[in-house]
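The block underneath contains the structure these notes are about, expressed in structure tokens.
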Amino acid sequence: MKVDGVPFRTIWCDDDGVTVRIIDQTRLPHAFETTALSSVESAAHAISAMLVRGAPLIGATAAYGMALAMYDDSSDANLKDAHETLLATRPTAVNLRWALDAMTTLLSPLPPDERQAAAYARAAVICDEDAAICESIGDNGLPIIRALYETKNDTVNILTHCNAGWLAAVDWGTALAPIYKAHDAGVPVHVWVDETRPRNQGAALTAWELGRHGVPHTVIVDNAGGHLMQHGRVDMAITGTDRTSANGDVCNKIGTYLKALAAHDNAVPFYVALPSPTIDWTLMSGEDIPIEERNGEEVAVIAGKDSAGKVSAVQLTPDGSPVGNPAFDVTPARLVIGLITERGVCAASTDGLAGLFPEHARAA
Ligand code: MRU
């Protein structure tokens, strides 16, 4: 997608063929800065400190992290260490494990002197594939938005949670891809952007990227969605997911479940958009998905720009108040009207997913 007319992805390899570059998402929306990753440790830090975040981008960064490790030392021991270091960064998005397994499966059988080139090439392919997959998600979600527009003959109001736009992937995004496609096709859309406490991925990132692309949107507090749905001001909801179990249960940013409940109560169609590497075929229930518990400081302290334009952080909570910070929740498949994937739209169910991805279907 474009930033001030210049096409950008969220991650790429510099002209030296070694250094990996990312957009530092901790600086958005008040500053657009890129930063270099030059070691597996810097890639791991970028994931755990959330300079990069969003399930597909976490996977892409891990792939490049493996490439950086192979540049440094392509031995068997370092291959194993790099895999373990990167896998330990964040527990919930399964794209991380998917990308690391893909890299290790490719690299292990190769002689060490061939691993660096193979790793960089595979990481680049993972990025290209992610961009293509996300664009297909957009193409497959567009008819849903278009149909709503043709029914009401007025702007389609879409609620989203967290950031599942191009900043969360390599390009296009997941939940926002159908919205970009609709906007670009001239279908009038307006997006209700949940601020998404505690890290405010909606207020900071989704609002920023929608604004840069010219998509009409309004930032709302996380608690407003139910009220808007009760008053007929939400036509559909679309979110992303960090891990979807084989039965269609959806794990996503904390608060997604409450939006799905409100959508169900108000007959608002609730869709989830996902690339296939986000499906965990080993899990038959979302109950088994590990939920990341992050540092309470993310809840207690908030950053923002003051009237002088200076970005600083302030503490919200009383000194000493204990703080909890579960980062994700699981929305049961029964609350999800459809899963929008690169292969099409299916029911959030074992049969629905197996129908689109028969190569993963388990024998009965
Ligand atoms: O903690 P984050 O910002 O990495 O969480 C991101 C989300 O929850 C996204 O909705 C999810 O990764 C899907 S992104 C395409």
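The values are calculated or read from the model by the stated rules, or taken from the named source; none is laboratory data. Just so you know, these numbers come straight off a predicted model, no measurement behind them. Cβ atoms come from the backbone with ideal geometry, glycine included; neighbour counts cover every protein chain shown. Accessible surface is based on the protein model in full, side chains and every heavy atom, while ligands, DNA and RNA are left aside. Shrake-Rupley method; radii C 1.70, N 1.55, O 1.52, S 1.80 Å.
Here the range 138-363 is treated with +1 on each Lys and Arg Cβ and -1 on each Asp and Glu Cβ, and its dipole about the Cα centre works out to around 440 debye. List the DSSP H helices in the chain whose Cα atoms stretch 20 Å or more along the helix axis and whose mean Kyte-Doolittle hydropathy is at least 0.0. The qualifying helices are 55-72. A Förster radius of 30 Å, combined with the Cβ-Cβ distance separating E293 from K152, puts the computed FRET efficiency at roughly 0.15.
Net charge near T26, counting Lys/Arg +1 and Asp/Glu -1 over other residues with Cβ under 11 Å of its Cβ?
+1
Taking Lys and Arg as +1 and Asp and Glu as -1, the other residues whose beta-carbon sits under 14 Å from that of G226 total -1.
Note that the range 2-129 presents 41 Å² accessible area per residue, ligands and nucleic acids not counted, probe 1.4 Å.
Distance check, please: which entries in K259/K310; K80/K253; K152/K259; K2/K181 exceed 25 angstrom between their Cα atoms?
K259/K310; K80/K253
Computed on the range 138-363, with alpha-carbon pairs under 8 angstrom and 6+ residues apart, the relative contact order is 19 percent. Between L316, L159, L86, the Gaussian network model of the chain with springs among Cα atoms under 10 angstrom shows the greatest mean-square fluctuation at L316. Summarise the long-distance tail of P(r) for the range 193-325 by giving the % of C-alpha pairs beyond 25 Å. I get 38 percent for the Cα pairs in the range 193-325 exceeding 25 Å. Highest mobility in the GNM of the chain, judged by mean-square fluctuation with C-alpha springs under 10 Å and restricted to G54, G232, G286, is found for G232.
In the chain, the calculated helix contribution to ellipticity at 222 nm averages -11500 deg cm²/dmol per residue, counting -39,500 (n - 2.57) for every DSSP H run with n ≥ 4.
The Cα atoms of the range 126-169 define a convex hull whose projected area, averaged across directions, is 3.6 nm². With all pairs of different C-alpha atoms in the average, the Kirkwood value for the hydrodynamic radius of the range 2-129 is 14.4 Å.
In the elastic network of the chain, a GNM with C-alpha springs shorter than 10 Å, the most mobile of A303, A260, A62 is A303.
What is the percent carbon and sulfur in the accessible area of the range 61-156, measuring with a 1.4 Å probe over the protein chains and ignoring ligands?
Roughly 52 percent, rounded to a whole number.
Can you tell me how much longer the chain between A303 and T19 gets when fully stretched, taken as 0.36 nm per residue apart minus their C-alpha distance, in nm with one decimal?
Result for the pair: 99.3 nm of gain on full extension.
Between S285 and K80, the distance separating the two model label sites (each 7 Å from Cα on the Cα→Cβ line) works out to 3.5 nm.
Taking a sphere under 12 Å around the Cβ of W192 and counting the other residues whose Cβ falls inside, with K and R at +1 and D and E at -1, yields a net charge of -2. Once divided by 2.2 N^0.38 Å, the Cα radius of gyration of the range 138-363 becomes 1.02. Full extension of the chain between A49 and T105 yields a length gain of 17.5 nm, computed as 0.36 nm times the residue separation minus the alpha carbon distance.
Computed with every protein chain present, the accessible area of E135 is close to 70 Å² [probe 1.4 Å].
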